[in-house]
Amino acid sequence: MGIINKALAAATATAMLAGSANAACWTQAAYQAAQVRELDTMLMVQALRCRKTSASFLSSYNRFVQVSRPALIKANAELKAHFGGLNAYDNYMTTVANRYGAGTDGMDCGDVASVVRAGLAANGSAEKLYQVALDANLEPDLNGSRCRGVTKAPLDIASRR
């Protein structure tokens, strides 16, 4: 193997490792998408749990989904890109839903109904939904750390020049 081939192989290996490291960390966009999906999933599960109580908010949740649909679709797309495919995304979302199956710590049906009202007041803004999730103290269970510094692959950055 010549010097050029060895250098090329080393550069390729380095690029692959850098890509893996970036894929394992959470960009700000992926983190915010996870927060929005955390909010939506918690509300969905709790709407089903609370539907037979005096604090039922199922119809409000359904309006929330209609109003927020573009932001929810955008969050889904961001998470699918983060996970690199549908299977890993589905596994992640199933885990999120399962966490709320037994309820939401420190929140009863009335509390969650107020979060739905705050979500409706966001009028479908992804940024405002992210803030609602933060205000509700919803924290995604991230498998990996938050990215620091450059979060795009060098080729992605170069292709935009």
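Go through the residues of the range 41-51 one by one and say whether even a single one is hydroxyl-bearing (Ser, Thr, Tyr) and more than 21 Å from GLY119 (Cβ to Cβ).
No; the residues of the range 41-51 include none that is hydroxyl-bearing (Ser, Thr, Tyr) and more than 21 Å from GLY119 (Cβ to Cβ).
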Inset, instruction - All but one of (1) more than 22 Å from ARG49 (Cβ to Cβ); (2) polar (S, T, N, Q); (3) in contact with a helix residue (DSSP H, G or I) (Cβ under 9 Å, 6 or more places away or on another chain) hold for SER68, so report the exception by its number. - result: (1)
Inset, instruction - List the number of the failed condition for PHE83; all other conditions in (1) in contact with a helix residue (DSSP H, G or I) (Cβ under 6 Å, 6 or more places away or on another chain); (2) more than 19 Å from ARG146 (Cα to Cα); (3) without any contact (Cβ under 8 Å) to a residue 12 or more places away in the chain hold. - result: (2)
Inset, instruction - Among what's in the range 136-145 and is loosely packed, with under 12 Cβ neighbours inside 10 Å and of a type outside the set (Gly, Ala, Ser), pick the residue that is nearest to GLY119 (Cα to Cα). - result: ASN137
Inset, instruction - Please specify each residue of the range 63-76 satisfying the condition of being surrounded by 12 or more Cβ atoms within 10 Å (Cβ to Cβ) and either more than 19 Å from ALA136 (Cβ to Cβ) or in contact (Cβ under 8 Å) with a residue 60 or more places away in the chain (or both). - result: SER68, LYS74, ASN76
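A quick yes/no check of all residues on (1) more than 18 Å from ALA33 (Cβ to Cβ); (2) assigned to a helix (DSSP H, G or I); (3) of a type outside the set (A, V, I, L, M):
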residue: SER54; (1), (2), (3): yes, no, yes
residue: PHE64; (1), (2), (3): no, yes, yes
residue: GLU78; (1), (2), (3): no, yes, yes
residue: VAL96; (1), (2), (3): no, yes, no
residue: SER114; (1), (2), (3): yes, yes, yes
residue: LEU134; (1), (2), (3): no, yes, no
Legend entry - Condition met for GLY110 (part of a helix (DSSP H, G or I), at pLDDT 95 or above, over 13 Å from the mean Cα position of the chain (by Cα) and not β-branched (Val, Ile, Thr)): no
Inset, instruction - Filter the range 146-161 for residues that are exposed (fewer than 10 other Cβ atoms within 10 Å of the Cβ) and at pLDDT 85 or above and give the result. - result: ARG148
Inset, instruction - Filter the range 51-78 for residues that are under 19 Å from the mean Cα position of the chain (by Cα) and within 24 Å of CYS109 (Cα to Cα) and give the result. - result: TYR61, PHE64, VAL65, GLN66, VAL67, SER68, ARG69, LEU72
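The values are calculated or read from the model by the stated rules, or taken from the named source; none is laboratory data. Predicted model, so just to flag it, every value in this text is computed and none were measured. When we count neighbours, we look across all protein chains shown, and the Cβ atoms used for this are built from the backbone with ideal geometry, even at glycine.
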